[in-house]
Structures are given as structure tokens and as C-alpha cells.
Amino acid sequence: MTRDPSEFEVFFHVGLGRAASTYLQNRVFPKLEGIRYIHRDRYRAFPKIIDRSRHTKYLVSREAARRLKDRLREFAEYRRDGKVILVLRRHDQWIASHYRRYVKNGGSHSFERFLDLDGNHPILWGRDDLEFMTMIRSAEHYFDRPPLVLFQEELTNNLERFVARLTAFTGTTCDPAKINPNPVHRSYSTQRLKVARKVGASLFPPIPTHHPNPTLHRVQRRAHLVLCHLILALARWVPASVVGDEPLILPEQLARVHDETANDWASCLAFAAAHNPTPEHPTLS
């Protein structure tokens with residue numbers, strides 16, 4: 001029997017990818033008290049889990065990658081009165097992290113080819129992909145109330161304050177001292193990523209491909225990732241003199257991203273200041 005919606009609240013964390021989603025799912029969300037956290041591994045079963053339990057609050061977390069609108073629509077179909085949590089990261093650092101993952105997974109395009117700020121038909125990422133306020137407006141469109149907008153920079157620099165904002169929004173409690181501050185995944189060095197990019201250009205297509213058969217796609221992807229990790233493991237033994245000292249991403253390229261997204265970032269900060277509950281007033285009106 002489906003539960004009466006008035007019996008419980010649902011919070012949806014829609015992770016952007018490269019914005020601390022894995023850290024939150026493994027380190028922070030399990031430490032929240034007064035709410036049932038449904039881990040991403042059980043995400044598809046969350047309606048059944050809610051129906052078969054009797055908690056009054058639930059937190060469902062799922063990374064949206066580049067399908068944020070689809071994920072928001074999916075969650076809204078379940079509960080339009082659900083409450084959305086978005087965590088953003090400054091644009092230049094966010095897209096740089098995406099590029100490092102792209103290279104780690106066998107990509108070989110330069111950063112300039114990876115992110116096309118000038119073309120109308122980008123190969124991989126374009127200017128429209130960097131518009132965070134569009135994401136926020138989508139959350140407002142699909143749900144009855146504004147989302148909670150948090151920032152990875154505060155998570156990194158002031159964990160206690162970040163947790164206080166999260167608990168104020170969810171009506172929960174949490175002791176930040178119980179949260180492991182160490183990252184879930186370690187980043188690879190620039191030297192090893194540059195080796196991976198060079199080798200990847202000879203082994204893999206620069207744009208990831210997907211086999212139409214889901215089973216074969218999973219097998220191929222697993223084999224692909226195993227080979228990528230092997231390349232990265234061996235890359236540590238390549239002398240620095242061979243790799244060179246040029247950066248993986250030119251500083252001026254990231255500076256341009258920072259400058260051209262400054263207004264969008266300022267709008268996100270202003271939105272959070274206007275709509276987020278403060279820790280001193282944890283109850284939403």
C-alpha cells in the first residue's frame with residue numbers, strides 16, 4: 001500500500017558530478033540524524049523503500065551528470081513537493097575537474113577542444129553547459145519551492161558551516177566532528193594525466209562511444225577503465241623530463257572561464273543568500 005504523502009517529507013540531492021557528490025554520499029549524508037538516507041546504490045528502489053518503512057524524512061541522492069533536467073523531472077513525478085538540494089562548484093574549477101576525469105578515462109582532446117566557448121555546436125562541452133542559474137531555474141520549475149543551493153568551496157573550507165546549512169534545510173542534526181574530512185578519491189598528478197592523454201590518443205577515440213547493447217556496453221566500459229587505470233599506474237614511472245613541465249590546462253584558459261562565468265556565479269551566490277535558510281533559523285516557512 002502506498003503511504004499517505006502527508007506522513008513524510010522527501011529531500012532529493014541532485015548531484016552535478018565533480019561537485020563533491022561522492023563525498024556527500026559516503027561521508028556526510030550517512031551522518032545526518034533524524035532522516036532515512038537512501039544511498040545511490042539503492043536509488044532505483046527508493047519508492048519501495050519509502051512505502052515499506054515508517055520514517056518521517058527521507059533523503060534520496062543520485063548524481064545527474066549532464067541529465068539534470070531528466071533527474072529533476074523524474075523526482076518531481078514522484079513528489080513535486082519534494083525539496084531539492086544542489087551543490088555547485090566555481091565554474092572554472094568544476095570544468096577543470098571534468099576535464100581531468102575525461103583524460104583519466106582515456107580522452108585525448110586538448111582542454112580548448114574539450115570546452116568550446118565560442119562555437120554553436122561544441123564537440124563535448126559548450127558555454128550553455130556552464131550556466132548554473134539555468135539549473136537552479138529548472139529546479140524551481142519542477143518543484144513547489146526553491147532548492148537549497150550549497151557550494152563545494154564552503155564544504156572544503158568550513159565543513160561545520162556547510163553542515164549547519166544542510167541540517168537547517170532538512171530539519172536534522174549532525175555532529176561535524178564525526179565526518180571524515182578525507183576525500184573519497186585521490187586525484188592523479190598532472191604528470192600522470194599528461195602521459196594518459198598522450199597514450200590515450202593512440203588507443204581510444206577522443207569522444208567516448210557507447211555500444212547499443214547495454215550488456216556489451218558495460219563489458220566494454222569496464223575493460224576500457226581497467227586499461228586506463230593500468231596506464232595511469234605505469235605513468236608514475238615516466239620521467240618528468242620526458243613529460244615536460246607545461247600544465248595540463250593553460251592558466252589563461254581557466255582565467256577566461258572564470259571571467260566569462262562571473263555573473264552566473266554571482267547570481268548563484270545571490271540566490272543562495274536570498275533563499276537558503278540560515279542555521280539560526282532552521283525551520284522553513
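Throughout, read-outs are computed from the coordinates displayed, never taken from laboratory work. Computed from a predicted structure; not experimentally measured. Cβ atoms come from the backbone with ideal geometry, glycine included; neighbour counts cover every protein chain shown.
Worth pointing out:
- Here the stretch 33-60 is scanned for amide nitrogen atoms under 15 Å from the site 7 Å beyond the Cα of ASP4 along Cα-to-Cβ, giving 54-56.
- ASP41-GLU112 FRET efficiency (beta carbon distance; Förster radius 51 Å; 0.05 resolution): 0.90
- Cα point-scatterer Debye curve for the stretch 26-76, base-10 log of I(q)/I(0) at q = 0.12, 0.16, 0.25, 0.31 Å⁻¹: -0.29, -0.50, -1.07, -1.25
- Spatial separation of Cα centroids for the stretch 220-242 and the stretch 106-120, in angstrom: 22 Å
- Measuring against 22 Å, Cα to Cα, the residue pairs LYS83/LYS178; LYS31/LYS83; LYS31/LYS69; LYS69/LYS194 contain LYS83/LYS178; LYS31/LYS69; LYS69/LYS194 as the ones spanning a longer distance.
- Rounded if a/c under 1.5, otherwise prolate or oblate - the stretch 228-269, Cα gyration tensor axes: oblate
- Mean separation of Cα contacts under 8 Å (6+ apart) over length of the stretch 34-101, as relative contact order %: 28 percent
- Computed over the stretch 81-198, the P(r) tail beyond 17 angstrom holds 68 percent of alpha carbon pairs.
- Taking one quarter of the surface of the C-alpha convex hull of the stretch 1-117 gives a mean projected area of 8.5 nm².
- Whole-Hz Karplus values for the stretch 49-61 come out as 4, 5, 5, 9, 10, 10, 6, 9, 9, 9, 10, 10, 10 Hz, taken residue by residue from phi with 6.51 cos²θ - 1.76 cosθ + 1.60 and θ = phi - 60°; glycine and proline positions read x.
- Interchain or long-range residues, amide H under 5 Å from LEU59's placed H: PHE11, ARG36, TYR37, ILE38
- In plain terms, the chain is cut at each of the trypsin sites (Lys or Arg not before Pro) found in a DSSP loop with at most 14 other Cβ atoms within 10 Å, and the longest leftover piece is 81-185.
- The calculated FRET efficiency for ILE207 paired with ALA177, based on their beta-carbon distance and R0 = 30 Å, is about 0.10.
- The stretch 114-172: C-alpha gyration tensor shape, a/c 1.5 cut-off, then a/b vs b/c: oblate
- Each Cα pair under 8 Å and six or more residues apart adds its sequence gap; the mean of these over the residue count of the stretch 19-65 is a relative contact order of 43 percent.
- DSSP H segments from the chain that extend 30 Å or more along their own axis, Cα-based, with Kyte-Doolittle mean of -1.0 or above: 214-235
- For the stretch 151-281, size of Cβ-based charge dipole, Lys and Arg +1, Asp and Glu -1, in debye: 920 debye
- Each residue, ARG66 and ALA274, gets one label point 7 Å from its Cα in the Cβ direction; the gap between the two is 3.0 nm.
- Fully extending the segment from ALA255 to GLU131 would add 43.0 nm, taking 0.36 nm per residue of separation and subtracting the current Cα-Cα distance.
- Among beta bridges that DSSP assigns inside the chain, antiparallel share in %, nearest 5: 5 percent
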